[in-house]
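*Asks:* Structure below; questions to follow.
The values are calculated or read from the model by the stated rules, or taken from the named source; none is laboratory data. The structure presented is a predicted model; accordingly, all values stated were derived computationally and were not measured. Don't worry about glycine lacking a Cβ; one is built from the backbone with ideal geometry, like all the others, and counts go over all protein chains shown.
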């Protein structure tokens, strides 16, 4: 019965999300919104950038993924609510929520960059947030990672090492700027940034950063969620890396996507004192 109820909620949400009122010719297109809710128990929404209408295969795949995620979220909320009301009936239930936004950050004839951010609450002291950025070819949804962009992604390869140094010093500079008087470089090196390394698993998801003219990508932005490299109070960090750092290590299939200087300035350059302090190699 529960599965039928969830399905009914989602099915009811789809027509209302897709049946958009056509705006006047002079009005810009509005974002598509998909919603599902059970008052007092949970609510979920997904807002999709209207520009994705130009990429129907990707838009269809994203809708399917998000409806699946929404169904799983609804099932979790309903099960947790059932357990809560049975095991702790004297305690109040704080409704769960999940709000996702999918925005185009860069569009190229062959490649599309999307930033997918979610704010959610599933119990606990406060809501959380997370990012799941997507870089994909435009013909269909097939996300690419650093293993696709770089020729060599073996641990400590030249490309990953260059990215590691750039991300490390930029994170340190951003922390120094954000934390002000509370910034402690030694503590940051020993704790939050100690897990960074020149290996694939140490890097979070990324989006493409346009160049200054907007006709090609000028760099990458790595998206670190709260708790990944700092306390929840610090929030997330969006760390830019210019093309000049990794251009010589790009895979041939991706070289034509990048060109020129990035539209967003970085705080540091190679040789900055904020680079990682690595132990000396044994003789």
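*Asks:* Would it be correct to say that residue 276 is assigned to a loop (DSSP other than H, G, I, E, B) and in contact (Cβ under 8 Å) with a residue 40 or more places away in the chain?
*Replies:* When the stated conditions are applied, residue 276 passes them.
*Asks:* Looking only at region 244-271, count every residue that is more than 22 Å from residue 216 (Cβ to Cβ) and surrounded by 15 or more Cβ atoms within 10 Å (Cβ to Cβ) and tell me the total.
*Replies:* Residues meeting the conditions: 2.
*Asks:* Only one residue in 120, 168 is farther than 30 Å from residue 71 by Cα, modelled with pLDDT of 95 or more and out of contact with any helix residue (DSSP H, G or I) (no Cβ under 6 Å at 6 or more places or on another chain), so which one is that?
*Replies:* When all the criteria are applied, what remains is 168.
*Asks:* Considering only region 148-183, how many residues are surrounded by 20 or more Cβ atoms within 10 Å (Cβ to Cβ) and over 21 Å from residue 238 (Cα atoms)?
*Replies:* 1
*Asks:* Consider residue 227 against the criteria (1) under 19 Å from residue 148 (Cβ atoms); (2) under 18 Å from the mean Cα position of the chain (by Cα); (3) assigned to a loop (DSSP other than H, G, I, E, B): it satisfies all of them except one. Which criterion is unmet?
*Replies:* Status for residue 227: all satisfied but (1).
*Asks:* Tell me, please, whether a residue that is part of a helix (DSSP H, G or I), at pLDDT 95 or above and either surrounded by fewer than 18 Cβ atoms within 10 Å (Cβ to Cβ) or in contact with a helix residue (DSSP H, G or I) (Cβ under 9 Å, 6 or more places away or on another chain) (or both) can be found in region 136-143.
*Replies:* Scanning region 136-143, I find no residue that is part of a helix (DSSP H, G or I), at pLDDT 95 or above and either surrounded by fewer than 18 Cβ atoms within 10 Å (Cβ to Cβ) or in contact with a helix residue (DSSP H, G or I) (Cβ under 9 Å, 6 or more places away or on another chain) (or both), so the answer is no.
*Asks:* Report whether or not residue 66 is part of a helix (DSSP H, G or I), surrounded by 12 or more Cβ atoms within 10 Å (Cβ to Cβ) and either outside the structural domain of residue 213 (by TED's automatic domain parsing) or touching a strand residue (DSSP E or B) at 6+ places or on another chain (Cβ under 6 Å) (or both).
*Replies:* Yes: the conditions hold for residue 66.
*Asks:* Tell me which residues, restricted to region 195-211, are out of contact with any strand residue (DSSP E or B) (no Cβ under 7 Å at 6 or more places or on another chain), at pLDDT 95 or above and more than 22 Å from residue 116 (Cβ to Cβ).
*Replies:* Across region 195-211, the qualifying residues are 196, 197, 198, 199.
*Asks:* Given the criterion exposed (fewer than 12 other Cβ atoms within 10 Å of the Cβ), at pLDDT 80 or above and within 28 Å of the chain's Cα centre (by Cα), identify the matching residue among 32, 79, 54.
*Replies:* Testing whether each residue is exposed (fewer than 12 other Cβ atoms within 10 Å of the Cβ), at pLDDT 80 or above and within 28 Å of the chain's Cα centre (by Cα) leaves just 79.
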